[in-house]
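Structure record follows, encoded as structure tokens.
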Amino acid sequence: MLIAGPTAPAQAVTYGTPTIALSASYLSGAVGATGDPVVNVTVGQSGADAEALTVSTSASSKASVAGTGDVTVTGAGAVRQLAVTARGRGYTNLTVKVAGLGGKSATKTLYYAASAAVQNPADARYLTGSADASAAVDVGGGYAVVADDESNVLRLYDRSRSGAPVKTWDFSSQLGVSKEVDIEGATRIGNTVYWTGSLGNNKDGEYKAPRNTVFTTTVSGSGPGTQLAYGRSYKKLRDDLVAWDQAGGNKYGFAAGTADGEAPKQIDGFNVEGLEFAPGSTTTAYLGFRAPLAPAVPGGKALLVPVTNFDQVLASGAKAVFGAGVELDLGGLAVRDIRKNAAGQYLILAGSWAADDNSDPYALYQWDGVAGHAPVKRADLPTTDPGGWEAIVEVPDLTAAGARVQLVTDSGSADLYGDGTEAKDLTHPEWKKARAAWFTLNP
């Protein structure tokens, strides 16, 4: 008979200190929001399977903004997804903890900011990384390229989700500028996107040459695979406009509006914010003016100026040629954006010419693009939300019942988090955001 010897004692497992990393240290959300951005939490521990690690939030510096119970962690393995449901406006520091085996743990701090609730939150998405959205162009597949009037960076966003841009492009070096072009309008013909600066003085009434810029980019691909390549630019369109208006007897006061010391956003100022091609044309483009109104008195009409050789202005640097100004009754409001669809149906986003106009009226007007034909109001827009309505992403079929359009705000001057800081001045890009919202058009 064989007698077994004593069994060797099992060696104790030695566990290392857990590791934890956040895909972003700063996160923004909104009260009542749908689909706010999430953070990936990557964890590990030597000697342990990542499946055995537990991720939770152990502390909040301000539970009235978001407490530990307002944090949801999903997923398994080495990478988990962390989402926060905002309770109130403001800031809180959330301590994210990974509990490992052997009684060991590690923490990271997530700096969280929540903006206030907005009307129809289910229709709102937040485009983070920039607060000063100023123009948008649909590139297919549910994505859009969005411009910023405080930089020359173009950002690609998923239109259906809140969060950071998928890609970015900065064309400053190709444009030969170190300051912002103040991009305010854009439109697409085929694979060419035309972008325009405001062409006006800065807010202090000073002439800044980069703002007198229009340029093109070429689109390839679509959706998340979209790529942009720089095309050409033209830097004398403002000069051409002033000379044209002077030759016509200073009807619109462009020379006075561009004079040294004149702020652009006043009723007799000079500021371009819309760009779209005329009906059936790939050569004539309308410049839509935020200022001046025509005539420049309260209750005046909004102004469009046709550039009849706009394609050649960009293709070869030809001097701009203009048609007669188009004056539209938008109820005393000015053009903040203009966009048409493939059927030649136009939407005009109308708003105040004033600089600080977040509480002023906004509206959407339908138009057929023909001078002398009156636009028709399709919707009044809410003015109680932070930021001003600034861009139309694309125009739906305006004859369809329940047609919906997505608009984007410029929230740069908004106090998003209740501490008196304008969004454009926030330190962390993840806290800067513009809002995209869907609106149903009235019959």
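Looking across the range 27-37 at every residue that is under 14 Å from A66 (Cα atoms) and not charged (D, E, K, R), the one that is surrounded by the most Cβ atoms within 10 Å (Cβ to Cβ) is identified as S28.
For D311, the criteria (1) farther than 18 Å from G197 by Cα; (2) open to solvent by 30 Å² or more (accessible area, probe 1.4 Å) hold in every case but one, which is (1). Scan D240, D260, D245 and give me the residue that is acidic (D, E), out of contact with any strand residue (DSSP E or B) (no Cβ under 8 Å at 6 or more places or on another chain) and open to solvent by less than 60 Å² (accessible area, probe 1.4 Å). Testing whether each residue is acidic (D, E), out of contact with any strand residue (DSSP E or B) (no Cβ under 8 Å at 6 or more places or on another chain) and open to solvent by less than 60 Å² (accessible area, probe 1.4 Å) leaves just D245.
Pairs are defined by a Cβ separation below 9 Å, a sequence spacing of at least 6 or placement on different chains, a first member in the range 190-206 that is surrounded by fewer than 17 Cβ atoms within 10 Å (Cβ to Cβ), and a second member that is assigned to a loop (DSSP other than H, G, I, E, B) and among the acidic types (D, E); the pairs so defined are N202/D182; G205/D260; G205/E262; E206/D260.
Among residues of the range 107-127 that are farther than 29 Å from L53 by Cα and polar (S, T, N, Q), those with a beta-carbon under 9 Å from a residue that is open to solvent by 60 Å² or more (accessible area, probe 1.4 Å) and assigned to a loop (DSSP other than H, G, I, E, B) at least six positions away or on a different chain give the pairs S115/R89; Q119/T384. Among the residues making up the range 53-80, those that are in a helix (DSSP H, G or I) and surrounded by 12 or more Cβ atoms within 10 Å (Cβ to Cβ) are T68, D70.
Note on the range 304-379: enclosed strands (runs of 3 or more DSSP E) holding 1 or more residues that are among the small types (G, A, S) and under 20 Å from A133 (Cβ atoms) are 334-340, 346-351, 362-367. Quick test for you: out of D170, D132, pick the one residue that is among the charged types (D, E, K, R) and open to solvent by 60 Å² or more (accessible area, probe 1.4 Å). One residue alone meets the criteria, D170. The C-beta contact set for the range 392-410 (first residue more than 16 Å from V146 (Cα to Cα) and open to solvent by less than 50 Å² (accessible area, probe 1.4 Å), second residue at pLDDT 95 or above and of a type in the set (D, E, K, R), distance under 9 angstrom, 6+ apart or interchain) comprises P396/R404; L398/R378; A403/R378; A403/D397. Scanning the range 134-181 for residues that are more than 22 Å from G231 (Cβ to Cβ) and of a type in the set (A, V, I, L, M) yields a single hit, A164.
Just for the range 89-106: of the residues that are touching a Phe, Trp or Tyr at 6+ places or on another chain (Cβ under 7 Å) and not polar (S, T, N, Q), which one is nearest to V55 (Cα to Cα)?
Among residues in the range 89-106 that are touching a Phe, Trp or Tyr at 6+ places or on another chain (Cβ under 7 Å) and not polar (S, T, N, Q), the one nearest to V55 (Cα to Cα) is G100.
So, T92, is that one under 29 Å from A436 (Cα atoms), of a type in the set (S, T, Y), open to solvent by less than 50 Å² (accessible area, probe 1.4 Å) and part of a strand (DSSP E or B) or not? So T92 fits the description; yes. Taking the numbered list (1) more than 20 Å from R339 (Cβ to Cβ); (2) modelled with pLDDT under 95 in turn, G387 passes all entries but (1).
When you look at G331, is it of a type outside the set (S, T, Y), over 17 Å from T282 (Cβ atoms), open to solvent by 20 Å² or more (accessible area, probe 1.4 Å) and more than 20 Å from the chain's Cα centre (by Cα), yes or no? Spelling it out, G331 is indeed of a type outside the set (S, T, Y), over 17 Å from T282 (Cβ atoms), open to solvent by 20 Å² or more (accessible area, probe 1.4 Å) and more than 20 Å from the chain's Cα centre (by Cα).
Quick one: is Y346 open to solvent by 10 Å² or more (accessible area, probe 1.4 Å) and either closer than 25 Å to D380 by Cα or touching a Gly at 6+ places or on another chain (Cβ under 9 Å) (or both)? Criteria not met by Y346.
Could you give me the residue pairs with C-beta distances under 6 Å whose first residue belongs to the range 270-292 and is closer than 19 Å to D138 by Cβ, whose second residue is polar (S, T, N, Q) wherever it lies, and which are 6+ apart or on separate chains? From residues that are closer than 19 Å to D138 by Cβ, the pairs are L275/T187; L275/T196; E276/T187.
The values are calculated or read from the model by the stated rules, or taken from the named source; none is laboratory data. The model shown is predicted, which means the values in this text are computed figures rather than measured ones. Reconstructed Cβ throughout: ideal geometry from the backbone, glycine too, with neighbour counts over all protein chains shown. Accessible surface is based on the protein model in full, side chains and every heavy atom, while ligands, DNA and RNA are left aside. Shrake-Rupley method; radii C 1.70, N 1.55, O 1.52, S 1.80 Å.
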